[in-house]
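To start, the structure under review is shown below, and the notes come after it.
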Amino acid sequence: MSAAARHGALSLAPTYYDALRRLTLELAGINLGANHAFLVETRLARLARDEGYESLDAMVNELFQTGGSRLAIQVVSALTERDTHFFKDKTAFKRLREIVLPDLHHKRGGGRIRILSFGCASGQEPYGMAMVLDQMRDELAGMKVDIVGADYPSQALERAREGRYTHFDVQRGLPIRDLVKYFEPDNADWVIKDSIREQVEFRDIHLLSKLDSLQDFHAVMFCGSLPHYSAPARVRVLRGLSGLVKENGYLILGEGESLSQMNFGFNRATSEPGLYKKREVVLEPEIDPTIKVPNGRTTFDKTTKVAKSLKRKDT
């Protein structure tokens, strides 16, 4: 179908596109651009059907007439849903496997650690983490890893919780050996096995909100989204993530992505950008002003004082 034919089929008024762009920028910090009308209508038409609206117009009218927060988040989530697949950022997963996990295991001697997939979309990234951990279980003996995937409440996140993927989904980035080992066929779909799904917890969260409810993590993976944020939203997200990463923990960005000069309390963990380590916080000692501080004198020997006094008199 030609672009003209597609645009001829659009039904929303141009003013609605502008309003949807502003809403997406406000809630998600992402600018949709001016040439995504067909994508906007396609995604929202699917959402309208799934939510039981008679038409796309009916859903959009309700959105802007009632201002319901739940519907607004659903709409923005549908518009900003990322096209993702298994092991999409190979560099990030290589760093997780070769640097982050071995270092955390070495320094902690096992124990329990927590890893976050921030902006997990339909779940391929956190499930990929669980597969990596399964493959490294001998190298990481004694270490228990909790994986959390977080994103806006959306249909994509529900698919992640279900762990169900189409044949097209599993063909994108997933090695055939992992498909056979970690998935079971179910009619035309593939469902991830319980042994992997049970390692991952999914959380609904507004990515630009305060992230206190997520607690702390030893590593956070945030790949592929940073360039799409507006400058203020990028600062807000990175500041929030910096508060989640424990001291000496890691922030894994996508290939080619880097922190700004603000650095947000991280240092580069390698010579190339993309992997960062949280600096330790050095606390300055608190000084009680009521306590007298020594003046540098090293002796209080009275005989020394007397000897010096007699010497001055003799002269």
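Readers should treat all values here as calculations from the given coordinates under stated rules, not as data from a laboratory. Note that the structure is predicted; figures quoted are calculated from it, not measured. For neighbour counting, all protein chains shown are included, and Cβ atoms are generated from backbone atoms with ideal geometry for every residue, glycine included.
Dipole of the chain computed with +1 at Lys/Arg Cβ and -1 at Asp/Glu Cβ about the Cα centre; of Leu174, Val145, Ala37, farthest Cα towards the positive end is Val145. In a fully extended conformation the segment linking Arg236 and Thr166 would gain 21.7 nm over its present Cα-Cα distance, using 0.36 nm per residue.
Couplings 3J(HN,Hα) for region 65-70, derived from phi with the Karplus relation 6.51 cos²θ - 1.76 cosθ + 1.60 (θ = phi - 60°), are 8, 9, x, x, 5, 4 Hz, where x marks Gly and Pro. Karplus-derived 3J(HN,Hα) values for region 17-31, using 6.51 cos²θ - 1.76 cosθ + 1.60 with θ = phi - 60°, are 4, 4, 5, 5, 5, 5, 4, 5, 5, 5, 7, 10, x, 10, 8 Hz; glycine and proline are entered as x.
Cα centroids of region 200-215 and region 71-104: 15 Å apart. Its Cα centre serving as origin, region 90-278 has a Cβ charge dipole (Lys and Arg +1, Asp and Glu -1) of approximately 620 debye. The helix-only estimate of mean residue ellipticity at 222 nm for the chain, built from DSSP H runs of length n ≥ 4 each weighted as -39500 (n - 2.57), is -12000 deg cm²/dmol after division by the residue total.
For the pair Ala58 and Val180, label points projected 7 Å from Cα toward Cβ lie 4.9 nm apart. Among the GluC sites (Glu not before Pro) within region 190-283, those in coil by DSSP and having at most 11 neighbouring Cβ atoms inside 10 Å are Glu198, Glu280. Restricting the trypsin sites (Lys or Arg not before Pro) of region 159-264 to loop positions (DSSP other than H, G, I, E, B) with no more than 15 neighbouring Cβ atoms within 10 Å leaves Arg172, Lys193, Lys210. Between Phe183 and Lys193, the built amide H atoms are under 5 Å apart, and every one of these is 5 or more places off in sequence or on another chain.
Each label was represented as a point 7 Å from its Cα along the Cα-to-Cβ direction; for Asn248 and Thr270 these points are 2.1 nm apart.
Dipole magnitude for region 168-267: computed about the Cα centre from +1 point charges on Lys and Arg Cβ and -1 point charges on Asp and Glu Cβ, it is near 400 debye. Coupling constants for region 167-174 follow from the phi torsions by the Karplus curve (6.51 cos²θ - 1.76 cosθ + 1.60, θ = phi - 60°), and in residue order they are 4, 5, 4, 6, 7, 9, x, 9 Hz; glycine and proline get x. Annotation: amide H-H contacts under 5 Å for Ala219 (H modelled 1.01 Å from N, sequence separation of 5 or more, or interchain): Arg114, Leu116, Tyr250. Note on the chain: dipole from Cβ charges, positive end direction compared against Leu20, Ser260, His228; the farthest Cα belongs to Ser260. Counting other Cβ atoms within 10 Å as a rough exposure proxy, the listed residues Ile252, Ile73 run Ile73, Ile252 from fewest neighbours to most.
By definition, a body whose alpha carbon gyration tensor gives a ≥ b ≥ c is oblate when a/c is 1.5 or more and a/b is not larger than b/c, and region 3-80 fits this oblate description. The calculated FRET efficiency for Asn187 paired with Arg49, based on their beta-carbon distance and R0 = 22 Å, is about 0.55.
Its relative contact order, with pairs defined as Cα atoms under 8 Å and 6+ residues apart, puts the chain at 16 percent.
Quick one: go through region 116-135 and flag any residue whose amide nitrogen is under 18 Å from the point 7 Å out along the Cα-to-Cβ line of Ser213. Correct set: 116-121. Where Rh is the Kirkwood radius over the Cα pairs of the chain, the temperature 4 °C and the viscosity 1.567 mPa s, what D in µm²/s does Stokes-Einstein return? Using the Kirkwood radius from Cα pairs, D works out to 57 µm²/s. Amide H contacts of Val145 (H built 1.01 Å from N, in plane; Pro and chain starts excluded): Ile113 sit under 5 Å, all sequence-distant by 5 or more or on other chains.
Sorted ascending by nearby beta carbons within 10 Å, beginning with the fewest, Met59, Met221, Met136 become Met136, Met59, Met221.
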